[in-house]
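S.K.: Structure incoming, see below.
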Amino acid sequence: MRKQQRIGIMGGTFDPIHYGHLVTAEEALVQFNLDSVVFMPTGRPVRKTHRVVTPAEDRYLMTVIATASNPDFSVSRMEIDRPGPTYTVDTMLQLRETLGANAELYFITGADAVWEILTWKDTERLRDTCTFIAATRPGYDLGKFREEGLAEGLELEFMEVPALAISSTDIRARVMQRRPIRYLLPEAVASYIAKNRLYKDGDDGAA
Ligand code: ATP
Ligand code: MG
């Protein structure tokens, strides 16, 4: 019989991708003994309608550049190629269908997003498709997340990771204010941002 594949899904806007995302994915890979992590840039995020999100193709390419050197990481176009707003439940159901019974799916997310997940479309159907891995800062109080998540019947695991203070919002603001972004994200991604003049003007960079 074929071995069950354990696949992590790291969903995000990745506008831009940074070391917080990469460290989290790597940590999940090791702590949960995953075979691979698939980065899944969102198409049109339903919850980020109040600012202009960078074109999907740029976000996709930055994600490819950032993950290229890691043989256990890959990037999927599934969400950016699907028309209409992005709902995670559609993605997970589609993955379930494609991968069949041979895969166990782990959705990797920041712990704060666990609250959001509870408000997502079709949480009920979503919770049957995968286990959630929530990344937290070391020493973070997990009590309320655990309780709420469990109350909703989510399969929920927690994982401590460093580097949680990095955010795409801060990186966009830094670019706009001509402050440094070096060491917050891979150099090649910083070069892509400079070359394509991303985040230089527009809104205030807030998420
Ligand atoms: P923004 O500031 O625009 O919201 P972000 O930095 O939160 O961007 P997203 O693309 O929104 O990045 O996040 C994708 C996923 O990565 C989410 O599950 C989020 O909780 C998680 N995440 C974001 N930043 C970090 C970080 N520094 N460490 C670990 N996980 C993170
Ligand atoms: Mg975010």
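The values are calculated or read from the model by the stated rules, or taken from the named source; none is laboratory data. Nothing here was measured: the structure is a model prediction, and the numbers come from that model. Here the Cβ positions follow ideal geometry from the backbone for every residue, glycine too, while neighbour counts run over all protein chains shown.
S.K.: Out of the residues in region 107-119 that are in contact (Cβ under 8 Å) with a residue 40 or more places away in the chain and assigned to a helix (DSSP H, G or I), which is surrounded by the fewest Cβ atoms within 10 Å (Cβ to Cβ)?
M.R.: This residue is E116.
S.K.: From the list L95, L99, which residue is modelled with pLDDT under 95, out of contact with any helix residue (DSSP H, G or I) (no Cβ under 9 Å at 6 or more places or on another chain) and in a helix (DSSP H, G or I)?
M.R.: L99
S.K.: Report whether or not A173 is within 16 Å of ligand 2 (Cβ to nearest atom), closer than 26 Å to I108 by Cα, among the aliphatic types (A, V, I, L, M) and in contact (Cβ under 8 Å) with a residue 24 or more places away in the chain.
M.R.: yes
S.K.: While we're looking at this one, here's another question. Return the total of residues in region 112-138 being polar (S, T, N, Q) and away from ligand 2 (no atom under 16 Å from the Cβ).
M.R.: 3
S.K.: Which of the residues that make up region 143-171 are near ligand 1 (Cβ under 9 Å from one of its atoms) and in contact with a helix residue (DSSP H, G or I) (Cβ under 9 Å, 6 or more places away or on another chain)?
M.R.: Across region 143-171, the qualifying residues are V161, P162, A163, L164, A165, I166, S167, S168, I171.
S.K.: Please state which of the following conditions E104 fails to meet, knowing it meets all the rest: (1) surrounded by fewer than 16 Cβ atoms within 10 Å (Cβ to Cβ); (2) more than 16 Å from the chain's Cα centre (by Cα); (3) over 21 Å from R44 (Cα atoms).
M.R.: So E104 meets the others, but not (1).
S.K.: For the subset of region 102-121 comprising residues that are out of contact with any Ser or Thr (no Cβ under 8 Å at 6 or more places or on another chain) and within 16 Å of ligand 1 (Cβ to nearest atom), which member is modelled with the highest pLDDT?
M.R.: T109
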